[in-house]
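All of the numbers you see were taken from the coordinates with simple rules; none came from a lab. All figures in this text were calculated on a predicted structure; none of them were measured in a lab. Reconstructed Cβ throughout: ideal geometry from the backbone, glycine too, with neighbour counts over all protein chains shown.
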There are 2 protein chains.
Amino acid sequence: MTTLQQILGTELPLIQAPMAGIQGSAMAIAVSNAGGLGSLPCAMLSPEAMRSELAAIRAGTDKPYNVNFFCHTPPVPSAEREAAWRAALAPYYAEFGIDAAGIPTGPGRNPFSAEVAGLLAEFAPPVVSFHFGLPSEALLAQVHGWGAKVLASATTVEEALWLEARGADAVIAQGLEAGGHRGHFLSHDLTRQLGTFALLPQVVHAVKVPVIAAGGIADAGGVAAAMALGAAGVQVGTAYMLTPEATTSALHREALKGRAARHTALTNLFTGRPARGIVNRVMRDLGPIGEAAPEFPLATSGIAPLRAKAEAQGSGDFSPLWSGQNATGCREVPAAEVTRALAQGFHATV
Amino acid sequence: MTTLQQILGTELPLIQAPMAGIQGSAMAIAVSNAGGLGSLPCAMLSPEAMRSELAAIRAGTDKPYNVNFFCHTPPVPSAEREAAWRAALAPYYAEFGIDAAGIPTGPGRNPFSAEVAGLLAEFAPPVVSFHFGLPSEALLAQVHGWGAKVLASATTVEEALWLEARGADAVIAQGLEAGGHRGHFLSHDLTRQLGTFALLPQVVHAVKVPVIAAGGIADAGGVAAAMALGAAGVQVGTAYMLTPEATTSALHREALKGRAARHTALTNLFTGRPARGIVNRVMRDLGPIGEAAPEFPLATSGIAPLRAKAEAQGSGDFSPLWSGQNATGCREVPAAEVTRALAQGFHATV
């Protein structure tokens, strides 16, 4: 049987979860050099930034690394929904003195595309991971064509089977505890989302490809637990968010360190898609899942100026404070040290 | 350090989760005789039935056992809410030819009381577990007075600390994956509920008393995983539901065996309190969390005749099909065999 390490080409079956807006090449380099698989989140990068980050990774490590993309179908913008969203946010625009008419609409996050695949081919990253499904068959063949291994997130047994049937080399079982965007793509019914304890063994039982556990894994004990449930490896995000290699903002770091991090929720207010973050003012005010938020990723532009104004005043009231349900693994130590500490969990399993 | 086995007086740190309506003394006896801690759910038993079941357990085993109670404050019935509930169910009453005027209102489930404590004292059960908090200080002292150990469910770190401070001898960390009623009592905000992977290590870190893991544990791998996350023991319910000792209905058994069990949700439609069950028609129609359902346990009486009529026709459309998110451990084997299979997970841990 092929191990996950053999597929990834790494020493450890441990993936640093890609966290757009929270980290770039520095984190990926540090984790890859420590024996894990470092990841570069690309969803929010321009082609120029992507090229520059990929060059930095190449210069910083000769170990395997992962590049991560979203696979959503860009929505048709709806003037009506955008107006409803702006109306819901109007009291806040007034509070911060923001001219709502001056706020641009825009996509926020672009899906994987032929243009991006062409750019990537120059660098031939050894691993490419996808969220919200997979790209088209042709694009996926292109990725496999340069020898890359393909990982993708599943939040249900059905999604895991779907990904395996379409050529994913390993599946990431993303439990409900995970921070950031839920990866669901076959159903938007959130009651179908499972905790890691329930999702992981069911996915392991259903597919033949290796299964990577994600969601709630904060330390070596969590790694050992995931392996006991049949995981071939783990993907960990939140535990890396206080490392110096992360670009986590100061106010986000403070939230992660305090009692606030005990209460996260899935919210669609920041992008239009449910994602887990620490509960803050706008989530409390509008309800974490707000009817008014337009489709992913169109909610982003309406809330962005509020986030900017509030953050300038030292407030995270309008910021996506992404975090998993278990932030206890967050430590202010280098990413390599987090990686080595997590790796102890592999030795603990039988 | 005192182990959970020492506290419980059992060979194994394994508790069979009390499941009201699903099992009685036969299950408790079988699990206790197999080395675990069998449980008798008492919330729906009359004093006479309780006495009879306790006598049966005494006759069936000399091993320790657990009796389980709810600790809710009985709500003040509201004619307005009851009317809204009946109105929401009216189309179904019409469909089944039920005379709504003839449906009695009633409590459904009674909380732990002085009367019950008096009855229990005659039997002096070695372990008493509570859901939805703890009874009054005086009642709790009475329970401790006959030498019983007290367990109680926590769904957040705050609840675990609260229970420890008030004298619980061990805390059950009930992850979001668990079947049946959520045990939350300090906040009714469901976004505060955590998956087992996130809840368990945080509770273990917060309290000094032993922590029992519950939610999503279906087999030896799940037991090993819980122990790796710091649990002193485990509580397992769903995996026992197909055993011959369970009184699980035929249609409930069918649902547990099929693909339907992959999709559970928290619903308040059957009792007024969020509880996890397999999604069925009434949950789909009214939304699993319905605004119209009166306070716990008053929703029970309005839906009971629909359940009876539908079940008589072989349909579970109006039945609480309680199940955790991981029903893969369900096997049609004696409860002793389920217990022994789960116990293998203790040997797997380091």
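Structural remarks
- What the phi angles of the stretch A:57-64 give under the Karplus curve with 6.51, -1.76 and 1.60, with θ = phi - 60°, is a coupling list of 5, 4, 6, x, 7, 9, 8, x Hz, glycine and proline written as x.
- Span per principal axis, largest first, for the Cα atoms of chain B (Å): 60, 44, 41
- Charges were assigned to the Cβ only: +1 to each Lys and Arg, -1 to each Asp and Glu. The resulting dipole of the stretch A:267-350 about its Cα centre is roughly 100 debye.
- Less than 5 angstrom separates the built amide H of A:T267 from those of A:A275, A:R276, A:G277, all sequence-distant by 5 or more or on a different chain.
- Prolate/oblate/rounded call for the protein assembly as shown, Cα gyration tensor, a/c under 1.5 rounded: prolate
- FRET efficiency, A:E122 to A:M44 (Cβ-Cβ, R0 22 Å, nearest 0.05): 0.60
- For chain A, the antiparallel share of DSSP beta bridges with both residues in that region comes to about 20%.
- Amide hydrogen proximity for A:L40: with H placed 1.01 Å from N in the peptide plane, the residues at 5 or more positions away or on another chain lying under 5 Å are A:N66, A:V67, A:N68.
- In percent, rounded to a whole number, the relative contact order of chain B is 20, using alpha-carbon pairs under 8 Å and six or more apart.
- Length-normalised contact order for the stretch B:159-265 - Cα pairs under 8 Å, 6+ apart - percent: 24
- Calculated from backbone phi, Karplus (6.51, -1.76, 1.60) coupling profile of the stretch B:18-33 in Hz, x at Gly/Pro: x, 10, 4, x, 10, 6, x, 4, 4, 5, 4, 4, 4, 6, 4, 5
- Anisotropy class of the stretch A:1-102 from Cα gyration tensor, a/c 1.5 cut: prolate
- Model label points for B:T73 and A:A312, set 7 angstrom from Cα along the Cα-to-Cβ axis, are 4.7 nm apart.
- For the stretch A:286-300 versus the stretch A:190-215, the spacing of their alpha-carbon centroids is 27 Å.
- Among A:V207, A:V234, A:V150, the residue with the largest mean-square fluctuation in a Gaussian network model of chain A, with springs joining Cα atoms closer than 10 Å, is A:V207.
- Net +/- balance of residues flanking A:F123 in space, Cβ distance below 12 Å, scoring K and R +1, D and E -1: 0
- Amide H within-cut-off set for A:L176, under 5 Å, with H built and near neighbours excluded: A:L194, A:G195, A:T196
- More than 20 angstrom apart: percent of Cα pairs within the stretch B:170-300: 50
- Whole-Å distance, taken between Cα centres, linking the stretch B:102-154 and the stretch A:5-37: 51
- FRET efficiency for the pair B:D99 and A:L190, taken as 1/(1 + (r/R0)^6) with r the Cβ-Cβ distance and R0 = 35 Å, rounds to 0.40.
- Evaluating 6.51 cos²θ - 1.76 cosθ + 1.60 at θ = phi - 60° for every residue in the stretch A:266-276, the Karplus couplings come out as 6, 9, 10, 6, 8, 9, x, 10, x, 9, 8 Hz, glycine and proline recorded as x.
- Relative contact order of the stretch B:1-62, defined on C-alpha pairs under 8 angstrom at six or more residues apart (%): 32
- log₁₀ of I(q)/I(0) at q = 0.24 Å⁻¹ - the stretch B:6-49, Debye sum with one point per alpha carbon: -0.79
- Average silhouette area of the stretch A:77-155, convex hull of alpha-carbon atoms, in square nanometres: 8.1
- For the pair B:A87 and B:R284, a Förster radius of 22 Å applied to the C-beta separation gives a FRET efficiency near 0.70, rounded to the nearest 0.05.
- Separation between Cα centres of the stretch B:251-282 and the stretch A:229-256, rounded to whole Å: 35
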